[in-house]
Each structure stands twice: as structure tokens, then as C-alpha cells.
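The values are calculated or read from the model by the stated rules, or taken from the named source; none is laboratory data. Nothing here was measured: the structure is a model prediction, and the numbers come from that model. With ideal geometry, Cβ positions are generated from the backbone for all residues, glycine too; neighbour counts draw on all protein chains shown.
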Amino acid sequence: MVHQLRRGGYLLDQIAPLLAQVRAAGGPEPLEGALRDWHGRLATRGRTMLTGAAELAAYLRDLEEAGGTVR
């Protein structure tokens, strides 16, 4: 967990309180379900944003091809 947080740019003084909370909660196991759910929501949101960007690009391309103005 520390390795991932460090890779994410978090400083050790930011990680230490989190580790204390994880230990107080009984370790990482109780958090696994919540983290799995969060990851699923994050992945869904990311895919939705990519789909929206693709649709916007297609719309702007169609508009430009039809002689509309794209700024």
C-alpha cells in the first residue's frame, strides 16, 4: 500500500496517518470491498468520459464536414 501511495506522489507524512487508520480498522482486508467498489466506479466513470469525448469528436467532425464552424 505504501509503495502505491508513494508512486502516486504522496509524502510519507501523508501516508503515516492513513496507515494508522488502516491498522485501527483491523488491516487492509476490511477495506478491500470498499476499494473494489471505488475502483469499479472510477473505471466506469473513466470509460464514460472516453465515450463522451469520442462522441464529441465525431459530432465536431460531422459539423465541420457539413460546413459548420468549429472553434
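The table for this structure:
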read-out	value
Qualifying positions in the range 1-58 - exposed (fewer than 10 other Cβ atoms within 10 Å of the Cβ) and of a type in the set (A, V, I, L, M, F, W, C)	LEU11, ALA24, ALA34
Unique residue being modelled with pLDDT of 95 or more and hydrophobic (A, V, I, L, M, F, W, C) when the list is LEU5, LEU50, LEU31	LEU50
